[in-house]
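Before any comments, here is the structure.
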Amino acid sequence: MGFKMSRERIVDLAVLLMLPAAVLWASATGETFTITLATRIAILAIAATGLNLALGNGGLVSFGHAAFFGAGGYVCGILASHAFTSEPLMTVPFLIEGTKSMPVIWLVAIVVSALLAALIGLFALRTAGVYFIMLTLAFAQMIYYFAISFPGYGGEDGLPTYVRNGFPGLNTLVPLPFFIVCFVVLALVIWLVDRFTHSRFGLALAAARQNGERLEAVGIAPFRIRYVAFILSGAITGLAGALYTDLNRFVSPSMLSWQTSGELIVFIILGGTARLFGPLLGAALFVVLENTLGGWTEHWQFFVGLILLGVVLFARGGAIAFLSGKASHHG
Amino acid sequence: MTWTLIAEQALNGLQFGVMLFLMAAGLTLIFGVMGLINLAHGSLYMVGAFACAAVAAATGSWWLGVAASLVFAAAAGAVVELAVIRRLYKRDHLDQVLATFALILVFSEGTRWLFGSFPLYLSVPQGLSGAVTLPGGIQYPLFRLFIIGVGLALAAGLMIFIARTRVGARIRAGQSDREMISALGVNIDRLYTLVFALGAALAGLAGALVASLQSVQVGMGEPVLILAFVVIIIGGLGSIPGAFVGALIVGLSDTLGRSMLPALFAQFMEPSSATAVGSSLSSMLIYIVMACVLVVRPTGLFGAKH
Amino acid sequence: MVEPILSTAAITKRFGALTACDAVDFDLRAGEIHALIGPNGAGKSTFIRQITGEQVPDEGEVSFDGANINALDVPRRSAAGLARTFQISSLIDDFTALENVMLAVQGHSRRSFSFFRRAANDKALTEPAMTHLTDAGLGSRANEKAASLSHGERRQLELGMALALKPKVFLMDEPMAGIGPGGSVVLTSILDGLRAQAPILLVEHDMDAVFALADRVTVLVGGKVIAHGSVDDIRSDPQVREAYLGEGA
């Protein structure tokens, strides 16, 4: 037991350090593209770590987390574009102006996506199982179509932010400082989720996943636990969305699409459900796979699909389990 | 907005509704009998549309195209069931979601590989082109009426099939008690493949029918799939009558909402913002309807109570 | 006469044409074990579900601690002091025995929304949990996963969780089900000691245990109470012997 634990710890640490290591190597050799790739992995890992709080720890298979990812993305895009044009968002009842400050944008992104999760969760968490999957998917699709048909912020074409937003004391226009910002946020998020899952709340959440009837019998209402988990999960994924817009300097409805929701789940499965570093490893594997296969064939998605099928059908437990020699399965 | 326009939009909604029913019926059957959530159902719809467009273009016969869509979609369904889906029945929903999501990638990219990225187009068959005059003087395309007729006939046929035939009885037994039908000596593997292929054929037919109304392209299946989910949530999981009622609710409210809400808002708003608000709201209308149904009946209109 | 802590007044529950629970009166007083017995299908489960809050009676009322609790849901009834054990052990299988009891302590403390402090280092959880686990006779198995416990140990763990809720009433749904004679002797002695902490509503098939433990017995047949009294009364009641113990006629 003790040996395996430590082996899992070592794997976790290695997974966390692989991004800075890659970036270090890339800065030494001047491979800017690799830094951007590592930044992308870090941001997607934040989003998937957020989803994993609901999916892995809470057993809530949300197929609609693109809604929160996109909401955070649009918060960033909208605030930045208003700052760019110097037009306030609204003047009545009080004045709200755009901003180019990352911390402010993050805060708004977290609040907005948490509110959206509170609204969607209120309906979706009344149900369970397949209903929950279909409902989260449907509500995310509703937000997607809203973004397409609402003419204000670019509609189907998306919204450019032109210049990356700023962080006090750093030049975020240069790839390396922006990577550091994203990586620090990722580390903080992983630390936070680790805290959550080992707290009283985490104990109740794990119990809600495994046996809601038992949780009720000790006087804890599963709905409230799941609801809070869903909101926290949505807020973290929303934060990642804001960073993603800054990475691409662009936000479009594709961030809200069902494919995005599906890919977030794929990261978690590739890495291993309910494992703290699983989403990070999964996101890294996916992005590297996408780039490697993408270099060989334009039909890389075909092979990603086949590999994913293989993983789901034959390699349950994900890559972390494989690396740490622990043949565990989720559930 | 005139009454004839409203009637025309209502017929469009009905046509959209029966098409959604063909999708939702397969999904709900597969869930009801096998307990499986199948995201790749939209891919089977796409297979049907491509098969119809390609075969009709090659042979010049729309009818052959429709026949091909049934054959190809059912065959694709059966192959997928045998190769992948049957390993998933005992797995949790997360594995089912993931594996069928992977199937979407394979089907979509595979189709792009075969047919390229450009959309295919298919014209309305000769005998069904043109418009007919309905009572009240409404001019309406014959082909859309044909789709409504086919959809209604299939809905009735499906309900009779499940209520009256031996296979239907097994499907009903499978919905209520999976162990029992295997105890009765029914070959459950064959039944599952059959149900899956039947659902696939219905989806493929839906794809073939709309192939003459819109462009045939990769990715056409998933938006329809998600609408079919909305249909099932409203109608109740596993219920064919529920899928029918849900499909009509979604088809009608979506079509009528899109055509009427902007005009409605124009009554008391300036035109440009009326269009903006109306079109945004109408794009969300069916989801709002779905949320309302859920508040009143969490398991859908025809769903079993918890 | 002592005021009962838990009582039902003519509760009735129908499922279509079947009346599973027909105007049942029942009461439980401090310090006693009141057994509810009856053949399969007598409506015992339906009765207990109306006490736990999983089902609401069509007619009549359930009173607890002097108040009508018909409108309270399961978690609220549990928080109010009604602790139940399940007919089929219901545990968190991936948790250790200690973690299962910690969860119950946490439920009783009503403080689940604490996000940062590690539960495993939270003495307000671990210390009482260990005490209750020891009381249930499982102290030495604290770090075993619930899934790896034996059937009898799972029963004991259920008891430990019920103890941690510091209930005013124990609801025990067939605690002896499926355990061998040796295990049932252990459980019987644990239950015997428990009545001092809180009275027990005991639903049980094991007649030896019922006759050894119960202060009073109520017999349910076809959803109706057909007899009620002390163990001796019930043993000698001809109606019970005929309808339930399968004698006479």
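For the reader, a short list of remarks on this structure follows.
- Against the criterion of being in a helix (DSSP H, G or I), open to solvent by 40 Å² or more (accessible area, probe 1.4 Å) and out of contact with any strand residue (DSSP E or B) (no Cβ under 7 Å at 6 or more places or on another chain), residue A:244 does not qualify.
- Candidates A:111, A:130: the one that is surrounded by fewer than 18 Cβ atoms within 10 Å (Cβ to Cβ), in a helix (DSSP H, G or I) and not acidic (Asp, Glu) is A:111.
- Flag set for residue B:107, criterion: of a type in the set (Phe, Trp, Tyr), touching a residue at least 40 places away in the same chain (Cβ under 8 Å) and within 14 Å of another protein chain (Cβ to nearest Cβ).
- Considering the conditions (1) free of Cβ contacts under 8 Å to residues at least 12 places away in the same chain; (2) assigned to a helix (DSSP H, G or I), residue C:112 is excluded by exactly one of them, (2).
- The residues listed here are B:119, B:141; of these, the one that is exposed (fewer than 15 other Cβ atoms within 10 Å of the Cβ) and either under 27 Å from residue B:213 (Cβ atoms) or hydroxyl-bearing (Ser, Thr, Tyr) (or both) is B:119.
- Criterion: within 14 Å of chain A (Cβ to nearest Cβ) and over 21 Å from residue B:231 (Cβ atoms) - qualifying residue of B:33, B:66, B:79, B:71: B:79
- Enumeration of residues in the stretch B:75-104 that are open to solvent by 10 Å² or more (accessible area, probe 1.4 Å), β-branched (Val, Ile, Thr) and under 16 Å from residue A:310 (Cβ atoms): B:80, B:84
- Matching entry among C:170, C:211 (being modelled with pLDDT of 85 or more, over 14 Å from the mean Cα position of the chain (by Cα) and aromatic (Phe, Trp, Tyr)): C:211
- Candidate set from the stretch B:127-145 (those that are out of contact with any helix residue (DSSP H, G or I) (no Cβ under 6 Å at 6 or more places or on another chain) and assigned to a helix (DSSP H, G or I)); member that is nearest to the other protein chains (Cβ to nearest Cβ): B:145
- For residue A:194, the conditions (1) over 24 Å from residue A:47 (Cβ atoms); (2) within 10 Å of chain C (Cβ to nearest Cβ) are fulfilled apart from (1).
- Conditions (1) within 14 Å of chain C (Cβ to nearest Cβ); (2) assigned to a helix (DSSP H, G or I); number of the one not met by residue A:273: (2)
- Look at the stretch C:60-87: where a residue is of a type in the set (Lys, Arg) and a partner is in a loop (DSSP other than H, G, I, E, B), sitting 6+ places away or on another chain with Cβ atoms under 8 Å, you get C:76/A:219; C:76/C:53; C:77/C:53; C:77/C:69.
- For the stretch C:117-231, the helices (runs of 4 or more DSSP H) that sit wholly inside it and include 3 or more residues that are open to solvent by 50 Å² or more (accessible area, probe 1.4 Å) and in the same structural domain as residue C:23 (by TED's automatic domain parsing) are C:181-194.
- From the list A:63, A:68, A:123, the lone residue that is within 30 Å of residue A:202 (Cβ to Cβ), under 12 Å from the mean Cα position of the chain (by Cα) and either part of a loop (DSSP other than H, G, I, E, B) or among the aromatic types (Phe, Trp, Tyr) (or both) is A:68.
- Subset of the stretch A:207-230 [within 20 Å of the chain's Cα centre (by Cα) and buried (at least 24 other Cβ atoms within 10 Å of the Cβ)]: A:226, A:229, A:230
- Looking only at residues of the stretch C:38-83 that are within 14 Å of chain A (Cβ to nearest Cβ) and assigned to a loop (DSSP other than H, G, I, E, B), we find that the one that is surrounded by the fewest Cβ atoms within 10 Å (Cβ to Cβ) is C:73.
- Qualifying position, being modelled with pLDDT under 90 and surrounded by 15 or more Cβ atoms within 10 Å (Cβ to Cβ), among B:191, B:198: B:191
- Failed item in (1) in the same structural domain as residue C:216 (by TED's automatic domain parsing); (2) on the phi > 0 side of the Ramachandran plot, with residue C:26 passing the rest: (2)
The values are calculated or read from the model by the stated rules, or taken from the named source; none is laboratory data. The shown structure was predicted, so the numbers you read here are calculated from the model rather than taken from an experiment. Because the Cβ atoms are built from the backbone with ideal geometry, glycine has one as well, and the counts that use them run over all protein chains shown. Note: areas computed on protein heavy atoms with side chains; ligands, DNA, RNA excluded. Shrake-Rupley method; radii C 1.70, N 1.55, O 1.52, S 1.80 Å.
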